[in-house]
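Please read the structure below before turning to the comments.
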Amino acid sequence: MRITVLRSGSKGNCYHLAGSGGLPLLLDAGLPLREIRERLKFSLSHLAGCLVTHEHGDHAKAVKDLLKAGVDVYLSEGTAKTLAIEHHRLHTVKPRQWFAVGEWHVMALPVVHDAEEPMGFLVCREEERLLYLTDTAYSPYRFKNLTHIMVECNYALDILQKNVAAGLVPTAVKDRVLRSHFSLENVKEFLKANDLSKVQEIWLLHLSDGNSDAERFKREIQELTGKPVYVA
């Protein structure tokens, strides 16, 4: 699998996933369609579809425009209702059930976020298995035979606490972050609880602008796992 980051973070999230054959996928659509077109060299016809985790704008901004452009979009029923979209290319998926998007086999997984039925995705093709897990406070899941992991690593608790003490982060914002986003500490526990024997690379996603440290996060996850780590 080849992972290309179009954008990651609170200003927008969108990733391009390509296999050795068949049509590629988009993971989330949190950019204006114009920017997605530019990054994909003005061609959307080669996409098998787009998987959308939840309705927040930094993940779903371009959903309506992608549908109009002829791209199939897959999301939960709760997300579709919140976005108030009806379209023949819009597909609602059920949690913990496999579905096909072109040559990709996908399972949607419920996550813990302040949205209406947010999901992560397990994406498989041939012998490769990618986990896409973003905007969640933690993961209750255990996996075997993963080859690629894309996981949110939004903040470190010590950095967040220092910013709260310095008056840089309001208490209400801190409470939402703790309830809705994956911390460095929780990512470490998640990785320790899973079988990483076949993992080829780990991508850290959706880092906070003020409550993260990209170099530290990359170093600590590499030391923990012994795997190549990339920061989106």
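Please name whichever of 80, 40, 182 sits farthest to the positive end of the charge dipole of the chain, dipole taken about the Cα centre and charges placed at Cβ: Lys and Arg +1, Asp and Glu -1.
40
Please list 56, 113 in order of solvent-accessible area, largest first, computed with a 1.4 Å probe with all protein chains present.
Final ranking, largest accessible area leading: 56, 113.
Let me know the shape class of the stretch 1-135, please: from the alpha-carbon gyration tensor, a ≥ b ≥ c as square roots of the eigenvalues, rounded when a/c is under 1.5, otherwise prolate if a/b is greater than b/c, or oblate. It would help to have the intermediate numbers written out before the result.
Working: a/c = 1.32, a/b = 1.05, b/c = 1.25.
It is rounded, given that a/c, with a ≥ b ≥ c, falls under 1.5.
If I take every Cα pair under 8 Å that is 6 or more residues apart in the stretch 132-232, average their sequence separation and divide by the length, what percent do I get for the relative contact order?
Result for the stretch 132-232 is 38 percent.
Mind checking the stretch 116-198 for trypsin sites (Lys or Arg not before Pro) that DSSP puts in a loop (not H, G, I, E or B) and that have at most 10 other Cβ atoms within 10 Å? Could the numbers behind the result be given before it?
Values: sites: 125, 129, 142, 144, 162, 174, 176, 179, 188, 192, 198; in loops: 142, 144, 198.
Taking the stretch 116-198 and a limit of 10 other Cβ atoms within 10 Å, the loop trypsin sites (Lys or Arg not before Pro) found are 142, 144.
At what distance in angstrom do the alpha carbon centres of the stretch 102-167 and the stretch 179-222 lie from each other?
10
Can you pull out the GluC sites (Glu not before Pro) in the stretch 1-91 that DSSP calls coil and that have at most 16 other Cβ atoms within 10 Å?
Values: sites: 35, 38, 55, 77, 86; in loops: 55, 86.
For GluC sites (Glu not before Pro) across the stretch 1-91 that sit outside H, G, I, E and B with at most 16 neighbouring Cβ atoms in 10 Å, the list reads 86.
Is the C-alpha gyration tensor of the stretch 73-232 telling us rounded, prolate or oblate? Criteria: a/c under 1.5 is rounded; beyond that, a/b larger than b/c is prolate, otherwise oblate.
Details: a/c = 2.45, a/b = 1.24, b/c = 1.97.
Verdict is oblate for the stretch 73-232.
Tell me the per residue accessible area of the chain using a 1.4 Å probe; a whole number in Å² is fine.
Numbers: 10470 Å² over 232 residues.
I get 45 Å² per residue for this part.
Counting only C-alpha contacts under 8 Å and six or more residues apart, can you give the relative contact order of the stretch 76-143 as a whole percent?
Values: 102 pairs, mean separation 16.9, N = 68.
Once normalised by length, the contact order is 25 percent.
Normalising by the residue count of the stretch 1-85, find the relative contact order in percent from Cα pairs under 8 Å and 6+ residues apart.
Numbers: 155 pairs, mean separation 21.1, N = 85.
Contact order relative to length: 25 percent.
Using only the Cα atoms of the stretch 102-146, build the gyration tensor, take square roots of its eigenvalues as a ≥ b ≥ c, and label the shape rounded, prolate or oblate: rounded if a/c is under 1.5, else prolate if a/b is larger than b/c, else oblate.
Because a/c hits 1.5 or more and a/b fails to exceed b/c, the stretch 102-146 counts as oblate.
Determine the calculated [θ] at 222 nm for the chain from helices alone, applying -39500 (n - 2.57) to every DSSP H run no shorter than 4 residues and normalising by the residue count; nearest 500 deg cm²/dmol. Don't skip to the answer; put the middle values down first.
Numbers: 8 runs with 64 residues, N = 232.
My calculation for the chain gives -7500 deg cm²/dmol from helical runs alone.
Given the whole protein assembly as supplied and a 1.4 Å probe, what does the accessible area of residue 199 come to in Å², nearest 10?
10
Give the accessible area for residue 219 in Å² (nearest 10); use a 1.4 Å probe, count only protein heavy atoms, and leave out ligands, DNA and RNA.
Residue 219 has an accessible surface of roughly 110 Å² with all protein chains in place.
Which whole-Hz ³J(HN,Hα) couplings does the stretch 215-222 yield from phi under the Karplus relation 6.51 cos²θ - 1.76 cosθ + 1.60, θ = phi - 60°, glycine and proline marked x?
5, 5, 4, 4, 4, 5, 6, 5
The values are calculated or read from the model by the stated rules, or taken from the named source; none is laboratory data. Bear in mind that the values here come from a model prediction, so they are computed numbers and not experimental data. Reconstructed Cβ throughout: ideal geometry from the backbone, glycine too, with neighbour counts over all protein chains shown. For the accessible areas, the whole protein counts, side chains as well, though only heavy atoms, and no ligand, DNA or RNA atoms are used. Shrake-Rupley method; radii C 1.70, N 1.55, O 1.52, S 1.80 Å.
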